[in-house]
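Beneath this line is the structure, given in structure tokens, with notes to follow.
The values are calculated or read from the model by the stated rules, or taken from the named source; none is laboratory data. Keep in mind that what you see is a predicted model, and the values were worked out from it rather than measured. So basically every Cβ, Gly included, is an ideal-geometry build from the backbone, and we count neighbours across all protein chains shown. Ligands, DNA and RNA are stripped out before the accessible areas are found, and what is left, the full protein with its side chains, is counted by its heavy atoms. Shrake-Rupley method; radii C 1.70, N 1.55, O 1.52, S 1.80 Å.
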Amino acid sequence: MGDKPTILIWSEHPALARELVGAARQALGPGGDVALLAPTGVAVDIRSVDVVFTTESADESPEAWAALLAAAVSQTEPALVLVGATKLGLQVAPRLAERIGAGYAAWATGFTLEAGTGAVAARCSLYSGGALAYHQFKPGRVVLTAAPGALTAPADAPSPERIARQSTLTAEVDGIAPTVIGVRPKATSAARLEEAHAVIDIGQGVKAEEDLALIESVAALLDGQLACTRPLSSDRDWFPEWLGLSGKKVAPELSLLIGVSGAIQHIVGVRDSRVIAAVNNDENAAIFAQADVGVVADLYAFLPVLVERIKARGMRPAWQ
Amino acid sequence: MNIVALVKYSRDVTEIKVDPATSELRTAGVPERVGLIDKNVVEAAVRLKEATGAGLKVIALAPATARDSFKDVLAMGVDEVVLIEDPFDGEAEAGIVVRLLEAAIRKLDPVDVVLCGFASDDGYSFQVGPRLAERLRRPLLAYARGITPEGGGLRVEQNLDDRMQTVTAPLPALVSIDEEAFPPRRTTLMDALKAKKKPVNVWGIETELGLSRADLESSARIADTRLTGVVVRRQQRVLKGQDLGAMADELIDALEQAGVLKGAA
Amino acid sequence: MERFDVIVVGAGPAGATAGRALAQAGLNVLVVERAATPGAKNVSGGLLYSRAVAEVYPEFWKHAPIERAIAAHQIVMLGEHTSTALDFRSAQAATPPFNAFSVLRAKLDPWLATQAEEAGASLISGVNVDALLVENGRVVGIQAGPDQIGADVVVVAEGTAGLLLKQAGLRGPHNPHDVSLGVKEVIALPPDVIEERFQCDAETGAAYTLVGSTGGVEGGGFIYTNKASLSVGVVVKIDSLYASGRHPHEILDAFKAHPLVQRLVRGGEVVEYSAQTVHRGGFHLATQLVGDGYVVAGSAARLLVNNVLTLRGMDFAITSAVEAAQAILQARFAGSYTAATLGNYVERLKATSIYQDWRTFKDAYGLMENPRLFSLYPDLAGEVLERLLTADTKPGSKALGALSEALKGKASWLTLSQDMLQIARGMVL
Ligand SMILES: Cc1cc2nc3c(=O)[nH]c(=O)nc-3n(C[C@H](O)[C@H](O)[C@H](O)COP(=O)(O)OP(=O)(O)OC[C@H]3O[C@@H](n4cnc5c(N)ncnc54)[C@H](O)[C@@H]3O)c2cc1C
Ligand SMILES: Cc1cc2nc3c(=O)[nH]c(=O)nc-3n(C[C@H](O)[C@H](O)[C@H](O)COP(=O)(O)OP(=O)(O)OC[C@H]3O[C@@H](n4cnc5c(N)ncnc54)[C@H](O)[C@@H]3O)c2cc1C
């Protein structure tokens, strides 16, 4: 690895790859090299990369990407491999780590790379986001995955123009990959939750689908988009997606949580909101420790009163 | 046909508290149990067993005292539990865990299908399936929402980020189960009574698996891990009482102060 | 249909003990408990009176998960801003055979259940018994989900609610007048803080019974010291609670806010909250204990001493279960399990000392009805002492005079002395 460490990067999403490059550049300073295995069919417009690998292969299986990355590793001998934490990336990265005998940790939110020794330390999200683990790796290569937004470098970080060395990689995928026999696009929701100023986030305290009318009356007054906890989507099928650990993450001006207990796996989806308010009839619910202001009340009794008071006082969202 | 389901004895992370003053994690007393994700794994395995008439064993890494925690899993239809007595108390890094699981699977060979969760409830690091696939050199059918035996192999419906994908693979193979894809069945009293007669065999890593603790430890890639809790910084104002109108007004005032609402111009 | 000699419904103190006793005698016993682990949802303030228990589980304190031996008992009247206490300490209570231990049900019940399993009973937890199977007025087994399981005799040890009996038409509905609601928190505190606040050592602990400060709702409160936590709760009459229109947790909050209680629980973290109904447990509530094919044990049979000053049900449950098991064995010898052959249970129970206690306290149940106990006396006691102890410019008055002053317009001397007698009868120290 020498004293000029290299960080190798891959994500199938160009935007995420760009984020990882930014974070790598910042960690390395001007000294080290950033190498990128480019996503298929994407013109490499990422500046500040020293080495770019492209591939002609149309195989987008995790096995293929793991093989390509392994080939890129043997060419660049990186101290660190950074992979985007998507469902695909989370298959590729541990495979790679196992194959090249590297250390591995998922959900990095920060890392350091010592210039002289190449020693890596990483801060990773643990217990669904309730805790942080600080790992000090033993000497040797390390693979980390990072989710979108987890490693963001400052926007004004200098990104020196580099002349990237380009080369094309091919890799043998051994015959044990499954055979793809069909693909269907997934239904995605029209809701653009990430852009909402207010999110009205409901949980199992809302008992019946008809009750959504009541929730919508609150949403209308607050200019909010409806969102939900996992059970309302996966068990009851009221919405195509949910907020949380395995769902979407939002950071609006206001999240109003209604009939949500406040399980950490859900809270990680809303905890970057500027203001969190909650309505729950169980005063011992965990949500009250997660909110700026909480109301202990039956939602069916309270929301109509809230609607009436907002109207009576002529209140409206600050952004309108 | 022989099926093995991998089950993690995991912490209920919703019960982990953080000391607001020191950021210290309070994990003492947090219940450990067969994870919710892994209950889905067992359900998928039992359905496959029912469809094929295969034998079904569970491999779990847990303290020997956890024996009784597998009653439910046995009641669901598993034939036998192999409990690898965890010498690392749940603290080993995934690379080591995978080696233990690999050794146990090899000892149970021939194993045609290995099922595991896409992640574990507490670690949630998505590692076991892909790493085992590498070590066992078997195809991995990841994020499965549907599993059908077909032509001596398996057909699996995968839930990927942007698409649903159908894949096939010959046996032996590995399958990882997608989130909430196989809601566990409710067991009955008769199921529980039958489960009482099924074995939970405790295996030692040295005695039964022929591994050495020292070798395993030297394969660790992480030298040191320090944990801290994420402290919530919210105002935590709680409004309670009988007068809903007054509470609504207080909430509105609070939102106005926070700059979320504004009065009529 | 799958069959057992005996099926026990519920693995609380009564069910586990019955299961153990019957399995020890070689019977094929099934114990069914609805909680995922026994005790997970069971509520007791947590004083296990040891005398009767030690007869069934000899020297249990050496093996069972007990918290502290209770060597100090305080009875406190909480006035609005005063507290008047009777402080009883006994060195004897800290040595075998002890008087009482604080216990946590989440630990005690699994231990009891393990004793039954080790004796050979089959324990199935996490399964709810949905109904008793009744044929021609005779209980012949149980229904749980899709499964029916038969037995010669069923031991009903389902606790206070008694739903199975009610549903099978073997018992009438509760009279709300006869039921109280207990709400309780377990508040974690370091052992050294507990030992300092309650003036005890590492093995011993204190029990506080408190009257008043339940916001006029008839009932009382308790604080018991565990190893590293306190059990803090109130037990209030349901009808009185409804009439007050207040939430149970509000009553508990108000109780915890009293300066005396506040000082004892300060800085602790609430780690558990639970609520459960409990019979007022009067002798007058005694119900039918046997019928064809079944016996009822523990609090399902309303075997409970509950008179504000004492709440005692676990030891009674254990004793009743042993007697029920003995009666079943006798019936088995006779080869029939009718109300008549099982009736021996009642006779055996009547011969136990705990049953005698139950009778002895029968006059004290009226305490629950006595509103003066909850509203007048706590303040009265405080007022009297305040007058006696406060140095002011008036000439010092004697105790009786002070009481007379304080009583004026609130109650007569006669009422007072009658009430005091009633209170005296309600005490077990
Ligand atoms: C590995 C893993 C990943 C997970 N990922 C996610 C995730 O990404 N997103 C997610 O949401 N969950 C996730 N979960 C599930 C999570 O742990 C919780 O189970 C879930 O968030 C609970 O949803 P809830 O708050 O709607 O329901 P509940 O926990 O049932 O809470 C309902 C609340 O409503 C209140 N309530 C009831 N009636 C009323 C009323 N009339 N008025 C007011 N309040 C009322 C109740 O007091 C209660 O607090 C995950 C779990 C695991 C194990
Ligand atoms: C707040 C409070 C404080 C108390 N304090 C004390 C005290 O300090 N000391 C004391 O001695 N007593 C105390 N008691 C009383 C004591 O808790 C009871 O008397 C005692 O628990 C009775 O034991 P049991 O085995 O009869 O019933 P329980 O302990 O109630 O056990 C009944 C069991 O049956 C199970 N069950 C019920 N229905 C079914 C079903 N359909 N299928 C399967 N399982 C079922 C329940 O889950 C439970 O485990 C207190 C009670 C309360 C509520």
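Points to keep in mind about this one:
- Top-ranked residue in region B:251-264 [being open to solvent by 30 Å² or more (accessible area, probe 1.4 Å) and within 14 Å of A:ALA312 (Cα to Cα); ranked as modelled with the highest pLDDT]: B:ASP253
- The residues of region B:30-52 that are touching a residue at least 24 places away in the same chain (Cβ under 8 Å), within 14 Å of chain C (Cβ to nearest Cβ) and either open to solvent by less than 50 Å² (accessible area, probe 1.4 Å) or within 16 Å of ligand 2 (Cβ to nearest atom) (or both), listed by number, are B:VAL34, B:LYS39.
- In region A:263-320, the residues that are among the basic types (Lys, Arg) and closer than 13 Å to B:ILE252 by Cα: A:ARG309, A:LYS311, A:ARG313, A:ARG316
- Exclusive hit being within 13 Å of chain A (Cβ to nearest Cβ), charged (D, E, K, R), in contact (Cβ under 8 Å) with a residue 60 or more places away in the chain and away from ligand 1 (no atom under 16 Å from the Cβ), set B:GLU24, B:GLU85: B:GLU24
- Residues located in region C:89-108, provided they are within 16 Å of ligand 2 (Cβ to nearest atom) and away from every other protein chain (no Cβ under 14 Å): C:ALA93, C:PHE98, C:ASN99, C:ALA100, C:PHE101, C:SER102, C:VAL103, C:ARG105, C:LEU108
- Residue match in region A:237-246 (condition: at pLDDT below 95, polar (S, T, N, Q) and more than 16 Å from ligand 2 (Cβ to nearest atom)): yes
- Positions within region A:104-118 being closer than 15 Å to B:ARG221 by Cα and either within 16 Å of ligand 2 (Cβ to nearest atom) or within 9 Å of chain B (Cβ to nearest Cβ) (or both), in sequence order: A:TYR104, A:ALA105, A:ALA106
- Residue match in region C:151-160 (condition: over 24 Å from C:MET314 (Cβ atoms), open to solvent by 30 Å² or more (accessible area, probe 1.4 Å), free of Cβ contacts under 8 Å to residues at least 24 places away in the same chain and more than 14 Å from ligand 2 (Cβ to nearest atom)): no
- Being surrounded by 14 or more Cβ atoms within 10 Å (Cβ to Cβ) and over 30 Å from C:ASN226 (Cα atoms) is a condition met by at least one residue of region C:98-120.
- Residue check, C:TYR273 away from chain A (no Cβ under 14 Å) and either open to solvent by 30 Å² or more (accessible area, probe 1.4 Å) or not in a helix (DSSP H, G or I) (or both): no
Quick grid of which residues meet (1) charged (D, E, K, R); (2) within 16 Å of ligand 2 (Cβ to nearest atom); (3) under 30 Å from A:ALA150 (Cβ atoms):
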{"site": "A:ARG271", "(1), (2), (3)": "yes, no, yes"}
{"site": "A:GLU283", "(1), (2), (3)": "yes, no, no"}
{"site": "A:GLY294", "(1), (2), (3)": "no, no, yes"}
{"site": "A:ALA301", "(1), (2), (3)": "no, no, no"}
{"site": "A:ARG309", "(1), (2), (3)": "yes, no, no"}
{"site": "A:ARG313", "(1), (2), (3)": "yes, no, no"}
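- Residue among B:VAL82, B:VAL111 that is in the same structural domain as B:ALA44 (by TED's automatic domain parsing) and part of a strand (DSSP E or B): B:VAL82
- Qualifying positions in region C:152-195 - within 14 Å of C:GLY291 (Cβ to Cβ) and part of a strand (DSSP E or B): C:ASP152, C:VAL153, C:VAL154, C:VAL155, C:VAL156
- Cβ-Cβ under 9 Å pairs, at least 6 apart or on other chains, region A:294-320 side more than 7 Å from every other protein chain (Cβ to nearest Cβ), far side more than 12 Å from ligand 1 (Cβ to nearest atom) and of a type in the set (S, T, N, Q): A:LEU303/A:SER217; A:PRO304/A:SER217; A:VAL307/A:SER217
- Here is the figure for region A:279-293: residues that are charged (D, E, K, R) and facing chain B (nearest Cβ under 7 Å) total 2.
- Residue check, B:GLU206 open to solvent by 60 Å² or more (accessible area, probe 1.4 Å) and under 30 Å from A:ILE100 (Cβ atoms): yes
- Number of residues in region B:1-21 that are under 22 Å from B:ILE84 (Cβ atoms) and either within 14 Å of chain A (Cβ to nearest Cβ) or open to solvent by 30 Å² or more (accessible area, probe 1.4 Å) (or both) equals 6.
- Residues in region C:235-270 that are closer than 19 Å to A:VAL296 by Cα and outside any loop (DSSP other than H, G, I, E, B): C:PRO248, C:HIS249, C:GLU250, C:ILE251, C:LEU252, C:ASP253, C:ALA254, C:VAL270.
- Among residues of region B:147-172, those that are farther than 26 Å from A:SER234 by Cβ, touching a residue at least 60 places away in the same chain (Cβ under 8 Å) and out of contact with any strand residue (DSSP E or B) (no Cβ under 6 Å at 6 or more places or on another chain), counted: 1
- B:ILE16 among the hydrophobic types (A, V, I, L, M, F, W, C) and either at positive phi or within 16 Å of ligand 1 (Cβ to nearest atom) (or both): yes
- Any hit, region C:252-267, residues being more than 11 Å from ligand 2 (Cβ to nearest atom) and aromatic (Phe, Trp, Tyr): yes
- Residue tally, condition of a type in the set (D, E, K, R), assigned to a helix (DSSP H, G or I) and touching a Pro at 6+ places or on another chain (Cβ under 6 Å), over region A:1-32: 0
- In region B:130-177, residue modelled with the highest pLDDT [restricted to those that are on the phi > 0 side of the Ramachandran plot and open to solvent by 50 Å² or more (accessible area, probe 1.4 Å)]: B:ARG137
- B:ARG33 vs. criteria assigned to a strand (DSSP E or B) and at pLDDT below 95: yes
So that you can scan it fast, the table gives a plain yes or no per residue for (1) within 15 Å of A:ILE7 (Cα to Cα); (2) surrounded by fewer than 23 Cβ atoms within 10 Å (Cβ to Cβ):
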residue: A:GLY110; (1), (2): yes, yes
residue: A:ALA133; (1), (2): no, yes
residue: A:GLN136; (1), (2): no, yes
residue: A:ALA146; (1), (2): yes, no
residue: A:GLY149; (1), (2): no, yes
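- The single condition among (1) open to solvent by less than 40 Å² (accessible area, probe 1.4 Å); (2) over 16 Å from C:MET77 (Cα atoms) that C:GLN199 does not meet is (1).
- Only residues that are within 14 Å of another protein chain (Cβ to nearest Cβ) and within 6 Å of ligand 2 (Cβ to nearest atom) were counted across region C:11-37, and they come to 5.
- The residue pairs whose first member lies in region C:405-429 and is acidic (Asp, Glu), whose second member is at pLDDT below 75 and in a loop (DSSP other than H, G, I, E, B), and whose beta carbons are closer than 7 Å, counting only pairs six or more residues apart or on different chains, are C:ASP419/C:ASN370.
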